[in-house]
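The block underneath contains the structure these notes are about, expressed in structure tokens.
Each value in this text was obtained by applying a stated rule to the coordinates, not by laboratory testing. The structure presented is a predicted model; accordingly, all values stated were derived computationally and were not measured. Please note: Cβ atoms are built from the backbone with ideal geometry, for glycine as well, and neighbour counts cover all protein chains shown.
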Amino acid sequence: MIFSIECEILLRLISLNPLKGYVILNAAKLFFCSFIVSFSFHTVNPENDGRRLQEFLLNMEAAIRDHPLWAGATEEEVDCAMEGLEKYVMTKLFSRTFASFAEDAKIDQEILEKISLLQNFLRPEHLDIPAVFNNNASWLLAEKELQKINAFKAPREKLLCILNCCRVINNLLLNSSMSENRVPGADDFLPVLIYVMIKANPPQLHSNLKFIQLYRRQAKLVSEAAYYFTNLVSAKSFIVDLDGKSLSIDETEFHDSMQAARLVIKETRIKTPPALDKPADLPVPSRRLHNKGGSNYPFMEAEAGELTVGDVERLLSLYKDVVNNYTNLCRAIGHPPLSKLQPSFPHSEETNVLLEQPEEIMKTDHKAVE
Amino acid sequence: MGCSSSLPDRTSGRLGGLNSENGGAPDAKNLRVKLVLLGDSGVGKSCIVLRFVRGQFDPTSKVTVGASFLSQTIALQDSTTVKFEIWDTAGQERYAALAPLYYRGAAVAVVVYDITSPDSFTKAQYWVKELQKHGSPDIVMALVGNKADLQEKREVPVQDGIDYAEKNGMFFIETSAKTADNINQLFEEIAKRLPRPSPS
């Protein structure tokens, strides 16, 4: 058998009723086969793939409802079966369907870079967020929800990360407004979401949104879920088009800040390579920056136990990127790669201070997080 | 608009954002309607919705209390029910370009202004033009002058609202979210104007 039955939901279905589960699984395999076969003939076309998956899911739902084995099944059972099917198929097709289009990967990268620049200077008042909503603990919670998005492969679960993030923001808005006797609406929600998105810099933002839009069952991307999803798309679009005129900031100041941020990032990139050679327990500047930037390095805070087989692919490609960048940088500055353990290029004063006072750094680190 | 513009239109084949509760074939008796709220920030969009949703509070219904998405079902005299899914939009100028993401596929657009603010009335006219250009062709539009309780501060005459709405084939009403005046009437009138899927 080419396809192993590893999707937990399908397994659960099968254990509930072996025959019902079997019917679904067979259909899923058939679809999977046809998908893969046509895949070898066609170039990647996300929109077509999305349409075909949606058609398949609709047909499957109709087939399940008509099937004698499912006669008398409740709406919930059918829904559960469909959720399992979506998860199974999309987990199988993940590498083909997620961020597989070069154009999308490029957009992801551009957004990631723009957000890393904005992170350096953007403050809530630039988006006219009322002080009453300034709540770092809630914002951080919302950021974390958003950053989890790449921990999942199924469209439903990715969408849940988004909804959870929005829920945290909503709770914040509702709780903070209660004392103020005001009614929070989209006028308050969207700016906070944009701010949280910039703070979080979620991985592969564009690809994740596109993936959900194309592959989440259409019957499920409606109503409240559709509304909050649209807000994410809208926040992303705002960030992509963001310039000096989009913020409450002087345009010259905006351009100067962006320029300064570019320099900061360039500088840290040069400083990063020697840090990689250091023993892991020493707090080094790069690590401090990573924690602040969060999602640029999604595995930075991960424990070995949390990693899934699916992460291997990304880890490997991240690893290759790091090695390539490191080698190139070393070459650029005339320093042999993979040399001694101690950093040997001239340090700016800041680096030395940071290295000598690890405890100080930890404190700043915590402040940044709080 | 990034990833959304190149995607298949979700509502094609359905009646401009109208669809039934179970997501299947249109159901003439139980409509589900996407309603988008547009208007300058501070005109009271979210107050109108909250008043509408709270005013008809039904302890058995599972009303999601979000900050910017709310839904409410009303029953009409002909035993039809209409579930409004209300999409609030950010009214600040800097988000104006994002509005099409929200009103795409909406069956109803409610454009709100503040009767004490001529600027907000101008902004409302901008939204109406936008919707005429880019909204669904069969979208039901309502023009709402809010804060009608502030008569002494009024700067937009009722007649201006009536005239503009008439010229543009819209339904017009003045409301007060504060006193709840005309809030239910607004949504009931919208419900009556919805195109009905023909019973099959």
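Worth pointing out:
- The dipole here belongs to the range B:16-193: it is taken about the Cα centre, uses +1 on the Cβ of Lys and Arg and -1 on the Cβ of Asp and Glu, and is about 440 debye.
- Shielding by partners - mean other protein chain Cβ count within 10 Å, residues of B:28-36: 1
- Counts of other chain beta carbons within 10 angstrom of each beta carbon in peptide A:230-237 average 6.
- Taking all C-alpha pairs of the range B:64-179, those more than 25 Å from each other amount to 26 percent.
- Where a label projected 7 Å from the Cα of B:T179 along Cα→Cβ would reach, residues of the range B:109-147 with amide N under 19 Å: B:113-117, B:144-147
- Of the peptides B:162-172, A:228-238, the ranking by mean beta-carbon count within 10 Å, highest at the top, reads A:228-238, B:162-172.
- The H on the amide N of B:W87, modeled in the peptide plane, is under 5 Å from the matching H of B:L35, B:V36, B:L37, each at least 5 residues off or on a different chain.
- Within 10 Å of each Cβ in B:41-52, the average number of Cβ atoms from other chains: 3
- By average C-beta atoms within 10 angstrom, highest first, the peptides A:184-191, B:47-54, B:79-86, A:264-271: A:184-191, B:47-54, B:79-86, A:264-271
- A Förster radius of 35 Å, combined with the Cβ-Cβ distance separating A:N134 from A:D256, puts the computed FRET efficiency at roughly 0.90.
- Surrounding net charge for B:Q92, when Lys and Arg each add one and Asp and Glu each subtract one, Cβ distance under 9 Å: -3
- Spin-label pair A:E75/A:E267, simplified geometry with 7 Å Cα→Cβ offset, distance in nm: 6.0
- Under 5 Å between amide hydrogens, built in the peptide plane, is the criterion, and for B:E174 it picks out B:G145 among residues at least 5 positions away or on other chains.
- Phi to ³J(HN,Hα) by Karplus 6.51 cos²θ - 1.76 cosθ + 1.60 over the range A:246-253, Hz, x for Gly, Pro: 7, 10, 7, 8, 5, 4, 5, 4
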